[in-house]
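The values are calculated or read from the model by the stated rules, or taken from the named source; none is laboratory data. Everything numeric here is computed off the predicted structure, so don't read it as measured data. With ideal geometry, Cβ positions are generated from the backbone for all residues, glycine too; neighbour counts draw on all protein chains shown.
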Amino acid sequence: MPKSERKCLFTPGPLNTSDAVRQSMLLDKGSREPAFIQSVKNVRQNILKITDLDPDGLYTVVPMQGSGTFSIEAAIGTFTAKNAKLLILVNGAYGRRMVSIAEHLDIDVQSLEFEETEAICPLKVAAHLKLYPDISLVATVHCETTTGIMNPLEKLGAVTAAADALFMVDAMSSFGGIKIDFSKCRIDCLVSSANKCLESVPGLGFVIAKKTLLQSAQGQARSLSFDLHAQWQGLENSGQFRFTPPTHVILALEKALETLTQEGGIEARSERYHNNRRILLSGMTRLGFRPVIEDSLQSPVIATFHQPEDPRFEFTPFYQWLAERNLIIYPGKVSRIDSFRIGTIGDLQAQDFHHLLESIEKYLKLTGFDLPLKN
Ligand SMILES: Cc1ncc(COP(=O)(O)O)c(C=O)c1O
């Protein structure tokens, strides 16, 4: 792509993809062709491989058409047995979305709410599970993209396992960019999508689930299309999706997984994202912006900043000025704080962040906003 046309998407997805990923979609393939069936197999196996999971081991990957929310809806609808009680841990919009999905599906759901700027507290979760021993599934978001805060998966998995409940993780914005140890975190199923840290295009989500969990969920789904057991069986029996697969999106994801491996796997990608985050946070702090999330809880996925207190500062003209220069940032999503967000994932390198910071500095100087600039 000509450099002048390249936009930098400092967003939590869809995000920048490589030329190789976009070029891999230039082929039309039939959904029943052996070569396409092999691509589906490669995608399922390589998602396990990058996670250090054995394709012949405990877990399998079930891809699902649609955005990430569709896969979350499929997992909640398939893995919650008829009279089961579900607990959802909430410290942002994506936790709340899971509650809403469960309510729409008529599932007996409770939510345990935390401040959006606080990580979920495992001790409080353990106490809640003691009070309600009949809860059989606990769901949490790993990186709550509302703010970019990280929740403590390993501790949450341990208290959930101690209560003999299943542990479901929405790792939409973290999978592929942050190492997750499935065994240490006691994960029964994890949901993510192609267009976040895997750096592919939108249109496909997937669930990494224990095979035993899928087996036990036969006939449990609350919908025909969002039946993960049936989707899994279709893939295992014929290698094919039950309904039209997003063929080009699968080819792109196959290439994106190859690219991730060439980069050095999740560890190397995580290091690049951490480096992006370091440059962004130190640069923004130097310019006088205050991060909303305490540094020790801040993910390398997205950072939230308080809007400057200067009453003349408005997000929209700031956004537009940057967008005219092909720099796309993101509005805030925190309920009680005026904020905006800048993502650090996708095919973005250190020089993209230096360029963004120089542009923000230029904007502040041009407009004369009163920020306590630090040297
Ligand atoms: C943590 C988390 N969960 C769920 C979603 C929803 O994914 P989608 O917009 O692909 O449906 C997002 C999207 O950003 C997310 O960050």
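Structural remarks
- Failed criterion for Trp321 (all others in (1) modelled with pLDDT of 95 or more; (2) under 20 Å from Tyr363 (Cβ atoms); (3) part of a loop (DSSP other than H, G, I, E, B) hold): (3)
- Just one of the numbered conditions (1) under 28 Å from Glu314 (Cβ atoms); (2) buried (at least 16 other Cβ atoms within 10 Å of the Cβ); (3) of a type outside the set (Lys, Arg); (4) free of Cβ contacts under 8 Å to residues at least 40 places away in the same chain is not true of Gly234: (1).
- Subset of segment 164-190 (residues that are among the acidic types (Asp, Glu), away from the ligand (no atom under 12 Å from the Cβ) and more than 18 Å from Ser270 (Cβ to Cβ)): Asp164, Asp188
- Conditions (1) within 16 Å of the ligand (Cβ to nearest atom); (2) out of contact with any strand residue (DSSP E or B) (no Cβ under 6 Å at 6 or more places or on another chain); (3) not aliphatic (A, V, I, L, M); number of the one not met by Ser193: (2)
- Listed by first and then second residue, the pairs with beta-carbon distance under 7 Å, at least 6 apart or on different chains, first residue in segment 307-330 and among the β-branched types (Val, Ile, Thr), second not in a strand (DSSP E or B), are Ile328/Lys7; Ile328/Phe10; Ile328/Thr11; Ile329/Phe10; Ile329/Tyr319; Ile329/Leu322.
- The combined condition, being surrounded by fewer than 24 Cβ atoms within 10 Å (Cβ to Cβ), closer than 15 Å to Met98 by Cβ and charged (D, E, K, R), is not fulfilled by Arg186.
- Output for segment 65-112, where each listed residue is touching a helix residue (DSSP H, G or I) at 6+ places or on another chain (Cβ under 8 Å) and among the β-branched types (Val, Ile, Thr): Thr69, Ile72, Ile76, Thr78, Thr80, Ile88, Val90, Ile101, Ile107, Val109
- In segment 196-209, of all residues being more than 9 Å from the ligand (Cβ to nearest atom) and under 25 Å from Asn276 (Cα atoms), the one that is surrounded by the fewest Cβ atoms within 10 Å (Cβ to Cβ) corresponds to Val201.
- Considering residues of segment 9-31 that are more than 16 Å from the ligand (Cβ to nearest atom) and buried (at least 23 other Cβ atoms within 10 Å of the Cβ) only, the residue nearest to Gly234 (Cα to Cα): Ser24
- Number of positions in segment 139-163 that are of a type in the set (Val, Ile, Thr) and either out of contact with any Phe, Trp or Tyr (no Cβ under 9 Å at 6 or more places or on another chain) or more than 16 Å from the ligand (Cβ to nearest atom) (or both): 4
- Any hit, segment 291-308, residues being more than 24 Å from the chain's Cα centre (by Cα), outside any helix (DSSP H, G or I) and either within 30 Å of Leu257 (Cβ to Cβ) or at pLDDT below 95 (or both): yes
- Elements of type helices (runs of 4 or more DSSP H) contained in segment 10-92, each with 3 or more residues being more than 22 Å from Val201 (Cα to Cα) and not assigned by TED's automatic domain parsing to the domain that holds Thr344: 68-79
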